Each structure stands twice: as C-alpha cells, then as structure tokens.
C-alpha cells in the first residue's frame with residue numbers, strides 16, 4: 001500500500017513537471033512578444049519625436065517663406081530674422097536662405113554667405129519643382145555634424161519660386177533623452193540612407209559606420225515597422241526597425257541582446273524549478289500521511305457539498321476524482337443531482353422573465369389598440385365637423401366679406417391642418433381609406449431621395465441599399481411614412497450624419513405580431529444619438545414626443561405603426577443610446593417576391 005501510494009504520488013508529479021515546462025515555454029513566448037512590443041514601442045516613440053521635429057521644421061519654414069525680410073538685400077537683417085527663429089529651437093543647427101541661383105544669401109553662420117549649394121536636393125527640389133525638399137547628410141557642409149536638411153520654396157507675389165528657406169535639423173539632439181520606460185540594455189540608433197548610423201543611444205560610439213549586412217537587408221525589406229532575431233557579437237539579439245513618419249529613408253533601429261532581454265525570465269525559471277523539485281521530495285515523504293486521509297478527504301468533500309446544497313447553494317459540487325470507486329460513483333451522482341436542480345432553477349427564472357416580458361408587451365399592445373379605437377371614433381366625428389366648418393368658411397369667403405377675408409383664410413388654414421392631424425389619427429387607428437397597389441419598395445425609396453435631400457439638408461448623407469421588394473400597399477401613405485421617419489432621423493442628427501434606407505424580402509417564422517409568411521421590408525436607419533429604454537417603450541404612443549412644444553405632434557411613429565398594421569404587416573424599433581435608431585416596416589410580399 002505504501003509503495004503504491006508513493007508511486008501514485010510520483011505519477012501525479014509527472015504532469016506537474018510537464019505543465020511546468022510547457023508553462024515556462026509559453027511564458028518565454030509571451031516575454032518575447034512583450035520584448036518585441038517594447039522594441040517597436042520604443043522605436044515608434046523616437047521615430048515619432050523625429051517626425052514631429054520634421055513637421056515642426058517644415059511648418060516653421062512654410063511660415064517664414066512668406067516673410068519679405070528673407071530676400072532683403074541686407075544679409076544682416078535677414079540673418080537677424082533667422083537667428084530669432086533659431087534661438088527657441090536647440091535642435092535647429094542652422095538656418096539659411098538660398099537665392100534663385102543656388103547660393104546662400106544669408107545664414108545663421110555669417111561666414112557661409114555666398115556658398116554654392118545648388119547641388120543639394122533640398123535646394124534643387126524647391127527651386128525646380130516648387131515643393132519642399134530633404135537631404136539626410138552624415139556631415140553638413142557648414143555645420144560639420146549629421147543633419148537633416150529641409151528646404152521650402154519662397155514664392156514671389158506672382159507665384160514664381162525666387163529662393164529657398166532651409167533649416168538643418170540636428171539628428172543627435174534626441175540622444176539627450178532616453179527612450180521611455182525601462183531602456184536598460186537597449187541600443188537605439190537613427191539610421192539614414194545606405195545604413196549610415198547618424199546618432200546612437202546611449203553612446204555615439206557606433207555613429208558613422210554602416211550597419212551590418214543583415215541589418216541592411218532587414219532595413220531594405222521591412223515595412224514601416226518590424227522585428228527580427230539576428231546574430232550578435234555576444235550572442236543572439238532582437239532588433240526592431242521603425243521608419244520615421246514622413247521620411248521613409250530615415251529609420252530608428254532598436255536592439256537588445258536576448259541574454260539581457262530574458263535574464264529575469266531565466267532566473268525565475270531556475271527558482272521555480274528548484275521549488276518544484278523541493279515540492280516533489282516533500283510530496284513523496286508525505287505519502288504516509290496521505291494514507292490516513294486517502295478515504296477521508298473525498299468523503300468529507302461529498303459531505304461538505306451536501307451541506308452547502310442543503311443550505312440553498314445550488315452551485316455546490318463534490319467533484320471527487322480520487323478514492324474508492326464507490327465514493328467516486330456517489331460523488332458523480334450527487335453532482336448530477338445538484339446540476340439538475342440548478343438547471344431547473346435557471347429554467348424557472350428564465351420562464352418567469354419571459355412571461356413578464358410577454359405580459360408587458362401584451363399590455364402595451366392592448367393600450368395601443370384601445371387608444372386606436374378611441375382616436376378612430378373621435379377622428380371620424382371630428383372629420384365630419386371639420387368638413388362642415390371648412391364648407392361654411394369657404395361660402396363665407398365667397399360671399400364678399402372682404403374685411404374679414406384674412407381672418408376667414410386663417411380659419412381655413414387652421415381647419416386644413418386639423419384635417420391633416422385627423423388623417424394621422426385615422427392612420428394610427430387603422431381606419432383611414434387606403435388604395436393599395438402593386439409596387440417595389442426599392443423603387444419608391446429611390447424616387448423620394450431628391451425630396452429627402454431637400455428636406456433633410458446637406459449635412460445628412462442619404463443612401464439606398466438592398467434590392468427589389470414587391471408588395472401591395474398605398475403608395476402615398478407609404479411615402480408620407482418614409483418622409484416622417486426621415487424627419488425624425490434628421491432631428492436625431494443635429495450635427496449631420498447618415499440616413500440609410502434598406503429594402504429586402506425576408507421570411508418571418510412567426511411571432512405575436514406577425515404571422516409566419518414572406519414580407520417585403522423597408523428600414524430607415526440613422527446614425528443619431530438613439531433613444532433611452534424608457535423613451536423607446538413609449539415611442540408608439542400617440543402624442544408622445546421628446547421635441548419642444550410646437551416642434552412635433554408626436555404622431556410620427558404611431559402613424560407609421562398604424563399604417564403597417566392596417567396594411568397587414570407590422571413595424572419594429574431597434575434603438576440604443578449612442579448607436580442610432582432603425583425603424584423597419586414589414587409588409588406582406590407579393591407571391592412572386594424572392595427572399
């Protein structure tokens with residue numbers, strides 16, 4: 001028994017060692033990814049710093065190119081202007097103005113005046129092509145240090161190029177700043193064309209000589225950023241390359257020896273391995289002690305789980321995997337019973353939640369139906385009264401009461417608007433007179449795009465997507481619904497956005513609102529702010545609106561819902577705060593429509 005237990009303990013330690021080795025390998029892979037990310041992040045930070053300096057230099061030169069003093073006959077006056085702009089920028093080694101013949105007209109170093117620099121591309125490109133030019137120089141002609149020369153054309157009022165204003169950027173100025181984070185062991189180099197090292201951190205010992213062959217090939221083949229494992233004098237190393245934004249011929253190289261990058265990981269591996277070996281020895285020595293608990297432990301686990309289950313914790317599980325077969329069988333039976341109880345409890349909660357949601361939707365539908373019947377009856381009677389009022393007002397206007405003509409006309413206009421409101425109430429109550437006709441929803445959407453562009457304004461982009469969707473509905477009422485939905489979308493996008501009208505044929509499996517059938521759908525989606533949940537719950541209620549007084553009747557969505565229901569379909573609302581709103585009409589499709 002003792003040897004069997006010790007053998008069992010030894011077997012259980014084998015997977016632990018395997019998992020330990022696998023975990024160590026995975027940890028090394030993760031550490032490698034982390035080091036590579038740090039290399040690229042460090043290179044990107046230095047590259048971005050140089051890119052900003054290049055951009056700042058170019059912006060400054062473009063501003064200076066408009067100063068009339070740059071081409072002033074007095075070089076001292078021009079030089080004083082350049083010195084004033086150079087002083088707050090320590091990274092600017094020199095600044096100069098070159099005339100049309102390629103000679104330095106003025107320079108922050110007075111002894112450089114008259115020097116012929118017409119062979120430099122930072123001079124030739126602005127003079128010949130009228131755009132900024134660059135040169136990456138390992139040794140400036142005047143400064144004698146590595147610089148990036150940048151030239152911007154100076155234009156006369158007529159538009160012609162009359163000279164060049166330039167700046168020499170010190171490529172080594174960033175060496176005074178260590179890369180962000182823990183940069184120990186890193187070497188950061190600024191590399192120019194041909195692999196020439198222009199500057200280096202933490203020391204300039206490598207400045208000047210080209211990079212090794214493998215780094216030249218890596219630099220030529222790499223994209224904007226990449227990492228490679230390469231040989232080094234003291235062993236393998238990881239190297240990253242990031243190109244400077246706006247100047248692909250300039251790149252930042254960051255490298256670190258693997259022995260430095262993974263030093264802490266190797267030390268941790270040694271410590272953990274020693275600890276695991278100690279645990280293995282102690283586990284074998286404790287085998288005699290485990291014998292006394294070989295049966296007690298699994299039995300106690302089942303007992304504890306039974307107590308938790310009795311106290312109401314349905315997640316209690318014994319999960320006994322060791323011990324006599326009878327105890328493990330009892331444990332599995334107990335766990336199966338606990339799982340069944342937990343699943344049944346979850347099913348009951350889900351059914352209760354579903355029932356509550358169904359009751360809520362039913363109450364909402366009954367409320368809309370009741371309001372629809374009420375408004376339908378009132379609207380018919382009100383419509384008859386409006387007809388009498390409009391007829392008598394028309395007779396009164398024709399009878400010659402010119403002094404009251406203005407007031408009569410105002411009364412007629414008001415009654416006309418009231419009639420339109422009545423028509424919307426009839427639409428909501430599904431008692432309006434419809435004239436259905438076969439049509440294609442996609443064609444209808446395309447036909448009203450011009451109208452919607454005028455109504456919504458230039459800040460809203462209108463797109464029609466999807467394909468043919470044929471059905472039989474009242475075209476004029478459909479167009480009115482689409483216009484109302486588009487206006488609602490416009491009000492939800494005060495700063496502009498997109499309005500997308502999508503048509504398609506869909507097969508609906510059936511729900512409380514729709515029978516299982518094929519429907520032609522048309523949806524209106526906006527990119528506005530969306531609705532809160534409490535607003536969406538009341539969106540179909542008549543006269544409910546979030547707009548200020550005088551800005552809407554609150555019948556837009558309720559009218560659309562009534563039209564869809566009277567046409568044999570339904571309307572759905574999909575909205576979320578910050579993600580826009582989609583209103584979809586489902587209308588019975590023509591038998592020939594294809595989904």
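The values are calculated or read from the model by the stated rules, or taken from the named source; none is laboratory data. For clarity, every value in this text was computed on a predicted model and none was experimentally measured. Cβ atoms come from the backbone with ideal geometry, glycine included; neighbour counts cover every protein chain shown.
Laid out as a table, the results:
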{"item": "Elements of type helices (runs of 4 or more DSSP H) contained in the range 252-302, each with 3 or more residues being at pLDDT 80 or above and exposed (fewer than 14 other Cβ atoms within 10 Å of the Cβ)", "result": "263-285"}
{"item": "Residue under evaluation residue 584, criteria (1) modelled with pLDDT of 80 or more; (2) crowded, with 18+ Cβ neighbours inside 10 Å; (3) over 21 Å from residue 443 (Cβ atoms), criterion not met", "result": "(3)"}
{"item": "Failed item, numbered, when residue 142 is tested on (1) modelled with pLDDT of 85 or more; (2) assigned to a loop (DSSP other than H, G, I, E, B)", "result": "(1)"}
{"item": "Among the residues listed as 195, 232, 185, 181, the single one being in contact with a helix residue (DSSP H, G or I) (Cβ under 9 Å, 6 or more places away or on another chain), under 30 Å from residue 98 (Cα atoms), outside the structural domain of residue 79 (by TED's automatic domain parsing) and modelled with pLDDT under 75", "result": "195"}
{"item": "The range 482-496 - residue that is touching a strand residue (DSSP E or B) at 6+ places or on another chain (Cβ under 9 Å), in contact (Cβ under 8 Å) with a residue 40 or more places away in the chain and farther than 13 Å from residue 560 by Cα and, of those, surrounded by the most Cβ atoms within 10 Å (Cβ to Cβ)", "result": "489"}
{"item": "Residue match in the range 474-481 (condition: under 17 Å from residue 578 (Cα atoms) and out of contact with any strand residue (DSSP E or B) (no Cβ under 9 Å at 6 or more places or on another chain))", "result": "no"}
{"item": "Any chance residue 116 is farther than 26 Å from residue 197 by Cβ and more than 48 Å from the chain's Cα centre (by Cα)", "result": "yes"}
{"item": "From the options 22, 26, 47, residue that is more than 30 Å from residue 274 (Cβ to Cβ) and at pLDDT 80 or above", "result": "47"}
{"item": "Residue within the range 442-452 that is touching a strand residue (DSSP E or B) at 6+ places or on another chain (Cβ under 7 Å) and touching a residue at least 60 places away in the same chain (Cβ under 8 Å) present", "result": "yes"}
{"item": "Which listed residue, of 478, 434, 452, is in a loop (DSSP other than H, G, I, E, B) and closer than 24 Å to residue 539 by Cβ", "result": "434"}
